[in-house]
Structures are given as structure tokens and as C-alpha cells.
1. Tell me the residue from GLY69, GLY9 that is at pLDDT below 85 and more than 30 Å from ALA141 (Cβ to Cβ), please.
2. Can you tell me how many residues within the range 94-124 are surrounded by 15 or more Cβ atoms within 10 Å (Cβ to Cβ), farther than 14 Å from VAL163 by Cα and either in contact with a Phe, Trp or Tyr (Cβ under 9 Å, 6 or more places away or on another chain) or polar (S, T, N, Q) (or both)?
3. In the range 140-166, what residues are assigned to a strand (DSSP E or B) and closer than 20 Å to ALA121 by Cα?
4. Does ARG80 satisfy the criteria of being loosely packed, with under 11 Cβ neighbours inside 10 Å and of a type in the set (Lys, Arg)?
5. Looking at the range 95-112, is at least one residue closer than 30 Å to ARG11 by Cβ and out of contact with any strand residue (DSSP E or B) (no Cβ under 8 Å at 6 or more places or on another chain)?
6. Quick check on ARG44: is it assigned to a strand (DSSP E or B) and over 19 Å from ASP68 (Cβ atoms)?
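The values are calculated or read from the model by the stated rules, or taken from the named source; none is laboratory data. Everything quoted here is computed from the prediction, not taken from an experiment. Positions of Cβ are backbone-derived with ideal geometry, glycine not excepted, and every protein chain shown enters the neighbour counts.
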Amino acid sequence: MKYVVDVNGDRVTVELDGAQVLIDGERLEVALTPVAGTPVRLVRIGEQVHRIVARRGASRGHWVLDVDGTRVVAEALDERMRAIKDLTAASASASGPAPLLAPMPGLVVRVAVAVGDPVSAGQGLVVIEAMKMENELRTTAAGVVTAIRAAPGQAVEKGAVLVELGPVPA
């Protein structure tokens, strides 16, 4: 089983294979021994032995570990859960209206809004022509047009800001 583990802000990959563990590509011999009647576990990694007490954190995969008397915060998720969490974090980080960017190089055919216009999520703002096809570019969130950076007939590169949006006034 392969895990992606964040330990105090550092990310490592851990693959478990019986008595062997692969940590960031380095193969190590390991053993875990519980100390009867206590929350303590002894972990042998190669020739080193560490005393560990592990407590579950507030959410799935979070752990607070005492390793030889030093507190360590860790998050251990399998590859699939780590990928899902990273993707949802990336998409959730943007809040409010984002600027409309050109998804590809092309020629601006039409700008359907003016500065000050309120726009709703999914509304078409700009039409660009690329590879002999017209593409209507839509906003992902409601907002108000604060600036227009493109004009009909203008050639734009991929990633160029076409329309800037601000939040809807309360």
C-alpha cells in the first residue's frame, strides 16, 4: 500500500511491503511492537528503535505523534485520497469572481459586456476564434465587470486576461 505523508510540512511517500518500507525510494527494514497495557509502540527502523505514542487528529488521516518525546503532526493518506484532497483544495482556494482568461491563443471576435455590467455564473463574456472555430468564454461566478482588457480584432495569447471581475455589491 502506498501513502503520501505530510510530516510537519514536509511530504514523503511511504510504501508498505510486509517487513520492508520504501520511504521516498529508500528501502528500510522496519518492525512495530506494542508495549502491553500502554499506548506506546516501539518502532525499529534498521538498527534504530524509537518510542512512539500516536493519537488520532481532528480529521481523517491526521495524527499527533510523540516520537522519542518530540511532538510531530502528520497526515497520512493513501495515494487516491491525497490526490482527491489536493484537487479539491486547489479548486476551493479561489473564492469570488476570477478574471476571464484566454484558454488558448486566438482572435477576439466579440466582447459581450461593458465595464460596470453585472454578470451571472455561466454568462458568456467574450467570443474568440481559434483554429477556425468560435468559442464563447463564460464566467464561472457572479460578479461585476471592473475592466475589459480585450477588443474585437485583437490577437490574444493563452492565459491573457480578457475581462476582470469584482464582487457583486451587497
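1. Numbers: GLY69 fails: at pLDDT below 85.
So the residue among GLY69, GLY9 that is at pLDDT below 85 and more than 30 Å from ALA141 (Cβ to Cβ) is GLY9.
2. Residues flagged as surrounded by 15 or more Cβ atoms within 10 Å (Cβ to Cβ), farther than 14 Å from VAL163 by Cα and either in contact with a Phe, Trp or Tyr (Cβ under 9 Å, 6 or more places away or on another chain) or polar (S, T, N, Q) (or both) within the range 94-124 amount to 0.
3. Narrowing the range 140-166 to residues assigned to a strand (DSSP E or B): 143-148, 155-156, 161-166.
Once the filter is applied, which keeps residues that are assigned to a strand (DSSP E or B) and closer than 20 Å to ALA121 by Cα, the range 140-166 yields GLY143, VAL144, VAL145, THR146, ALA147, ILE148, VAL161, LEU162, VAL163, GLU164, LEU165, GLY166.
4. Details: loosely packed, with under 11 Cβ neighbours inside 10 Å: yes; of a type in the set (Lys, Arg): yes.
Spelling it out, ARG80 is indeed loosely packed, with under 11 Cβ neighbours inside 10 Å and of a type in the set (Lys, Arg).
5. yes
6. Values: assigned to a strand (DSSP E or B): yes; over 19 Å from ASP68 (Cβ atoms): no.
So ARG44 fails the test.
Per-residue answers, yes or no, for (1) more than 18 Å from TYR3 (Cβ to Cβ); (2) aliphatic (A, V, I, L, M):
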| position | (1), (2) |
| --- | --- |
| GLN48 | yes, no |
| ARG51 | yes, no |
| ARG56 | no, no |
| ARG60 | no, no |
| LEU65 | no, yes |
| THR70 | yes, no |
| ALA74 | no, yes |
| ASP78 | no, no |
| ALA83 | no, yes |
